[in-house]
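What follows is a set of notes on a single structure, which appears directly below.
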Amino acid sequence: MTARGLTPSLLLLLLLVVVAGAGGARWRGEGTTRHLESIMRGRCAEYIARLNPDQRDKNCTALWEAFRMVLLRKDPCSVFPSDYDLFINLSRHSIPRDKSLFWENNHLLVTSYTESGRRLMPLCNVLYGRFGDFLSWCRQENGSGLDYQSCPSSEDCENNAVDSFWRRASMQYSRDSSGVIHVMLNGSEPAGAYPIKGFFADFEIPYFQKDKITRIEIWVMHDIGRPKAESCGEGSVKILEDRLRKMGFQYSCINDHPPVKLLQCVDHSTHPDCALNSKFCTRRWA
Amino acid sequence: MASHRLSSVSEEEPCCDISRKTKICLCVFFGLLIAVVIAVPVGILMWPRPHKEWKGEGTTAHFYEILLGRCYTYTQIVRPELGHKDCQKIGKAFTGAFLSKDPCSSTEQDYKPLMELTDQAVPCDKTLLWSKSSQLAHDYTRVRQAMFTLEDTLLGYMADGLRWCGDSGSSDMNYKSCPNWREDCSNNSFSVFWNTVSKRFAEDACGVVHVVLNGSISNTFDERSTFGRVEVFNLRPEKVHRLQAWVMHDIGSARSDSCSSSSINVLKRILKERSIAFSCENNYGPIRLLQCVKNPDHPSCRF
């Protein structure tokens, strides 16, 4: 942010925001989630007890300790993906064949669609992904405790605790995926459905195991009632398709994969795009 | 008992007509008797008693950690406006309701401290009840986040899908088994909890209340269900002016109008007696779409 052309009232507003809101915050990102340990331990316990009992032998205390070590020993801008190696080694587990789902720019839709892993198992439904989903964490710059005020975003520094975590997790998820690979992209995203630089492009595709993958299925979803920025075979989606072809993968691309579109329509049931070809009438009775 | 003589006694001299050997035996015997009389009650009190065996599934593994983690997730992430709630206190109040107690004698009173700590106002017109339609109702509120099922409130979110019970003879949770409602006892800690929270959830509702019902079963309105026994009777007529039922039928089912069924008529009658209006819709559109997500190839689910 530059001070170019700032009027006195804008300056005052900025000052107020800094004092009241940020209050001297060091970084641009959200601070550590409160009660991080309890939340993470609880999620781990729930995962092994209920969501995926095949993993009941995992040790949640050891996982937390491995995670905590990274958190407390490293400077907030010097955390690398390999720092999480121990944590990943303790938490990794096999991913059922044909159940992997990669995505960009549609976290909530993915969460709704995958319903706790029963249909597909995206990264956030794998133990190590579950651990960190929707949470934020970092150590204080000058101190050994956690910083609850703010944490480095990718704009502050590349090697921050959260981004490095997801890079490492993404690499592992990719390596352990097999069979049919699904990819959900957002064709209404103005910046492009397939981010050329992003987790999927840089930390997932490069780690696909060619000998374990049969084919890749891309779904380009469009928001109901919003313009279609890109579709299959267009723009950044074409770049992705070219890349996969060059890598020797068999792939297919579908616009608005019906099961997912049906879900999007729940919130737009009266929109013409959501009309079902239905002979069943809904009869109102009062 | 032998009387004592102060004079020295030689080893061979008998005392009170009992031989020395017998005297030793008697002493040993009484000594053991005293030891047993003291040790057995102490042993009974101190020895960890095996939990009673019930017919139902035991307490969920890692119950307390899951409970606490969910409380923090809910109050810090899902509904941060409840960030002031004290999860440690709430966790302790929850376990305090059933630990060291007979799991077949649970009462609403046991859960009172917990209820007080987890009070939560649901906005009017946003309460969603359900009966024999759990998956569908919760899939719906996952998308329509402005609406709340009981399991979308703090306490429901914490307890959903978990099982728990204690034992009057122990301060531990019973992980092996817990009372089954039908085969063991109905006033068990698990059932009493859900009856208590369901009652409050209904009492707190206001405006138009919605309910998702299953039109593909015979008793669409089941008077023995929690909805039929507890919730319907605890809606407050002065706050709730209408109950709107969404009766969902399985995709591809021949049946499509359970709003006209006799069980729904029973529900209508009960509500009329309670001065609450009733309306019913078969296969409410948005929820129909949700059903189609799992059956996308069915003709009625095609765009």
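Remarks
- Choice from B:F94, B:F233, B:F30 showing the highest fluctuation, given a GNM over chain B with Cα pairs closer than 10 Å: B:F30
- Between the amide H of B:N282 and those of A:R283, A:W285, B:V247, distances stay under 5 Å, these residues lying 5 or more places away or on another chain, with hydrogens modeled in the peptide plane.
- Against the empirical curve 2.2 N^0.38 Å, the C-alpha radius of gyration of region B:180-303 lands at a ratio of 1.19.
- Max mean-square fluctuation residue, GNM over chain B, Cα-Cα springs under 10 Å, options B:V212, B:V192, B:V293: B:V293
- Relative contact order of region A:168-249, defined on C-alpha pairs under 8 angstrom at six or more residues apart (%): 39
- Cα gyration tensor, region B:113-176 - rounded (a/c under 1.5), prolate or oblate: oblate
- Residue-wise HN-Hα coupling along region A:52-61, computed from phi with Karplus coefficients 6.51, -1.76, 1.60 (Hz; x: Gly, Pro): 8, x, 4, 9, 5, 8, 5, 9, 5, 5
- Each residue, B:K23 and A:R68, gets one label point 7 Å from its Cα in the Cβ direction; the gap between the two is 6.6 nm.
- Across peptide B:278-285, the average count of Cβ atoms from other chains found within 10 Å of a residue's Cβ is 5.
- Beta bridges per DSSP with both ends in the protein assembly as shown, % antiparallel, nearest 5: 20
- Amide H within-cut-off set for A:F102, under 5 Å, with H built and near neighbours excluded: A:H182, A:V183, A:M184
- At R0 = 35 Å, FRET efficiency that the Cβ-Cβ distance of B:S279 and B:W194 yields, to 0.05: 0.85
- Added length on full extension, which subtracts the Cα-Cα distance from 0.36 nm per residue, A:T61 to A:D85: 7.0 nm
- Counting only DSSP beta bridges whose two residues both lie in chain A, roughly 15 percent are antiparallel.
- Antiparallel bridge percentage (DSSP; both residues within chain B; nearest 5): 15
- Centroid-to-centroid, using Cα positions, region A:97-168 and region B:212-283 are 42 Å apart.
- Ranked by the mean number of other Cβ atoms within 10 Å per residue, highest first, peptides A:149-162, A:173-186 order as A:173-186, A:149-162.
- Sorted by Cβ density within 10 Å, fewest first, the residues A:K99, B:K21: B:K21, A:K99
- Among the GluC sites (Glu not before Pro) in region A:189-269, none is located in a DSSP loop while being surrounded by at most 11 other Cβ atoms within 10 Å of its own Cβ.
- Distant alpha-carbon pairs in chain A (separation over 29 angstrom), percent: 45
- For chain B: relative contact order, % (alpha-carbon pairs under 8 angstrom, 6 or more apart): 18
- Distance between the pseudo-spin-label points of B:R269 and A:N142 (7 Å out from Cα toward the beta carbon): 7.8 nm.
- From its DSSP helices (H runs of at least four residues, each -39,500 (n - 2.57)), chain B gives a residue-normalised ellipticity at 222 nm of -11000 deg cm²/dmol.
- In chain A, helical runs assigned H by DSSP with n ≥ 4 each contribute -39500 (n - 2.57); averaged across all residues and rounded to the nearest 500, the mean residue ellipticity at 222 nm is -9000 deg cm²/dmol.
- Cα-based Rg of region A:126-225 normalised by 2.2 N^0.38 Å, two decimals: 1.30
- Cα gyration tensor category, rounded, prolate or oblate, for chain B with a/c compared to 1.5: prolate
- Label sites at A:R243 and B:S253, each approximated as a point 7 angstrom past Cα along Cα to Cβ, lie 4.6 nm apart.
- Between the helical axis of B:262-273 and the longest alpha-carbon principal axis of chain B there is an angle of about 80 degrees.
- Cβ-based net charge around A:S100, under 13 Å, with every Lys or Arg adding one and every Asp or Glu removing one: +2
- Of the GluC sites (Glu not before Pro) found in region B:172-239, the ones in coil according to DSSP and having at most 12 other Cβ atoms within 10 Å of their Cβ are B:E183, B:E238.
- Global form of region A:210-259, assessed from the alpha-carbon gyration tensor, a/c cut-off 1.5: oblate
- Rounded to 0.05, the FRET efficiency of the B:E108 and A:F134 pair, given R0 = 41 Å and the Cβ-Cβ distance, is 0.70.
- In this structure the amide hydrogen of B:L129, modeled in the peptide plane, comes within under 5 Å of the amide hydrogens of B:H210, B:V211, B:V212, none closer than 5 places in sequence on its chain.
- Karplus-derived HN-Hα couplings along region A:252-263 (A = 6.51, B = -1.76, C = 1.60, θ = phi - 60°), whole Hz, x at Gly and Pro: 9, 10, 10, 8, 6, 3, x, x, 6, 5, 4, 5
- Taking θ as phi - 60° and the Karplus parameters 6.51, -1.76 and 1.60, the scalar couplings of region A:180-190 work out to 7, 9, 9, 9, 10, 10, 9, x, 9, 6, x Hz in sequence order, x denoting glycine and proline.
- Cβ-based exposure ranking for A:H222, B:H84, B:H138, in which fewest neighbours within 10 Å come first: B:H84, B:H138, A:H222
- Toward the positive end of the charge dipole of region B:46-172, with +1 on the Cβ of Lys and Arg and -1 on the Cβ of Asp and Glu, the farthest Cα among B:S105, B:Y72, B:H84 is that of B:Y72.
- Length-normalised contact order for chain A - Cα pairs under 8 Å, 6+ apart - percent: 18
- Compactness of the protein assembly as shown - radius of gyration and Dmax, Cα, Å: 31.6, 121
- Cleavage-rule hits (trypsin sites (Lys or Arg not before Pro)) in region B:144-247: DSSP loop, at most 10 neighbouring Cβ within 10 angstrom: B:R182, B:R224
- Inter-chain shielding of A:255-267 (mean C-beta neighbours from other protein chains, 10 Å cut-off): 6
The numbers here are math on the coordinates, done by the rules we state, and not lab data. None of the values given here were measured: they were computed from a predicted structure. Cβ atoms come from the backbone with ideal geometry, glycine included; neighbour counts cover every protein chain shown.
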